Amino acid sequence: MRTLISDAIVVTNDDARSVLMDGAVVIGDDRIVAVGTSQDLKREYQSVDRVIDGRGKLIMPGFVSAHTHAGYTVFRGRVEDGGLDTFLTQLMPMAGVMTPAERLTIGCLTYFELLKSGVTTLVQVEEEAEGFPEFAEKIGIRSFVGVQVQDVEPAQVLDGTFAADAGVRQQQLAKAIGFAEKLIGRSDRVTPIFMVNSPMTSSPELLKGLRSAADRLGIRLTLHLGLGARESEVTERLHGKSSFAYVRDFGLLGPDVIACHSFHIPPQDMDILAASRTHIAHCPQINAIRGSIAPVQALQDRGLNVALGIDNYFADFFEVLRSAVSVARIKTQDGTALQPSEVLRMATVNGAMALGLTDVGKIEKGYKADLAILDCTYPGLTPLFEPAPSVVYHAHMGSVDTVIADGRIVVEGGLVKNVGYEELRQQAALAANSAWSRFISRYGGTKASLNKPGGCACHRQ
Ligand SMILES: [Zn+2]
């Protein structure tokens, strides 16, 4: 099956940051066969199976969200203003309240929204992972899916002991590894990954167990790391070393690892991170709202690969790109820092690199046909002189006309093809209502009190 998309603006995202103002792309099955001027490719590929008229359109690589908790959409409107304490008062308690079925229903809505905003590869990591691979395949997105683990119960977080529990550890390892084993070899589009929630809530045995399973199974790892001074202080107290040194010593840093957020990096830990060649999933939108900014310029200056993630709650990946530029410029007090062509690379090919995908994230011959096609007549994109800045500053989810993932058209005319929106939306709203009503009846409000006895029951369904 060959498809020619002609007469479009093509933002290739290649190493030269080439943009073709009257460009064309030819797709053969799941790969890009040719990229060039419309004139050349129309002449060269006269007998294709399908022609897409690209007039008034812009073709770019699909986005890669290198860090996502799709089910956390349940928190929309209720946690954005609570800072980092929401981990203890809302996120962890909800894990013991929301059922796996509710989480999946809400998470599917997030998958839908992100695909519609041009995301073609998504890392989905959460306390429960069942059902997400099947939904990813159905909707047609490329997804890494993993169970997020910890072996310190929230009660021990709240009482300050951070005591790990061997029984919990065994259960968590069995769940994460069992899930991953089932996924291996299942399809090209769905891949398992391991996820550690926090250095504070993970024993050395848990970290070692995951690393050895990752090596045995040949799969990648990811973790939350550098999420504030509390993480540093607690890890230092528990293990006598910084959180970065701690996870390094038990195998959770390296070129097959993505560290997520990493906005709090003491100077000696920057050295540890740089030496390890760990990839970074920068989540600028959520962290800005929590009052934090990752030192992206410093990370890049140390040669580290920085990708982008949406993390939680939000639906429009273009906002992540804009946040990345804004926070980089505030952090460096430099209004020219992080240029649009660079942030587009972070949102695409850097994310692919972080996941070991060497053929995703560029419009280049031989690369996977993972594309977003924008409608340049959508409000905000006129006049369109410079494609990269226009995409980064002025495009929205609504600008996305077509999404092609792994060579298949999965969004067309702005509509997701394989899944209906309204039913999904209604089911997600019902699931969120029922999870919150149980939360409120258990905790007496939309926040659990840190001092209430038995006030938190993460992991227990
Ligand atoms: Zn996260």
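The values are calculated or read from the model by the stated rules, or taken from the named source; none is laboratory data. As the structure is a prediction and not an experimental result, all values here were calculated from the model. No Cβ is skipped: glycine too gets one built from the backbone with ideal geometry, and neighbour counts run over all protein chains shown. With ligands, DNA and RNA removed, areas are computed over all heavy atoms of the protein, side chains included. Shrake-Rupley method; radii C 1.70, N 1.55, O 1.52, S 1.80 Å.
Values computed for the structure shown
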read-out: Elements of type helices (runs of 4 or more DSSP H) contained in region 233-327, each with 3 or more residues being within 16 Å of the ligand (Cβ to nearest atom) and closer than 22 Å to Gly83 by Cβ; value: 284-289
read-out: Sole exception among (1) part of a helix (DSSP H, G or I); (2) at pLDDT 95 or above for Glu130, by number; value: (1)
read-out: 1 or more residues under 18 Å from Ser390 (Cβ atoms), open to solvent by 10 Å² or more (accessible area, probe 1.4 Å) and of a type in the set (Val, Ile, Thr): qualifying strands (runs of 3 or more DSSP E) within region 4-74; value: 19-28
read-out: Residue count, region 314-327 (criterion: within 15 Å of Ser117 (Cα to Cα) and open to solvent by 10 Å² or more (accessible area, probe 1.4 Å)); value: 5
read-out: Complete set of residues in region 157-189 that are without any contact (Cβ under 8 Å) to a residue 40 or more places away in the chain and farther than 30 Å from Ala136 by Cα; value: Asp159, Gly160, Thr161, Ala163, Asp165, Ala166, Gly167
read-out: Considering residues of region 84-102 that are within 15 Å of the ligand (Cβ to nearest atom) and not hydroxyl-bearing (Ser, Thr, Tyr) only, the residue surrounded by the fewest Cβ atoms within 10 Å (Cβ to Cβ); value: Leu84
read-out: Selection count where residues are crowded, with 24+ Cβ neighbours inside 10 Å and acidic (Asp, Glu), scope region 103-117; value: 0
read-out: Residue tally, condition open to solvent by 10 Å² or more (accessible area, probe 1.4 Å) and either of a type in the set (Gly, Ala, Ser) or over 12 Å from Leu227 (Cα atoms) (or both), over region 246-267; value: 8
read-out: The listed residue being in contact with a helix residue (DSSP H, G or I) (Cβ under 8 Å, 6 or more places away or on another chain) and within 30 Å of Asp188 (Cα to Cα), out of His264, His282, His239; value: His282
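Here is a yes/no grid of residues against (1) open to solvent by less than 10 Å² (accessible area, probe 1.4 Å); (2) touching a residue at least 24 places away in the same chain (Cβ under 8 Å); (3) over 22 Å from Pro387 (Cβ atoms):
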site: Asp269; (1), (2), (3): yes, yes, yes
site: Ala275; (1), (2), (3): no, no, yes
site: His282; (1), (2), (3): yes, yes, yes
site: Ile286; (1), (2), (3): yes, yes, yes
site: Arg290; (1), (2), (3): no, yes, yes
site: Leu308; (1), (2), (3): yes, yes, no
site: Asn312; (1), (2), (3): yes, yes, yes
site: Arg329; (1), (2), (3): no, no, no
site: Thr332; (1), (2), (3): no, yes, yes
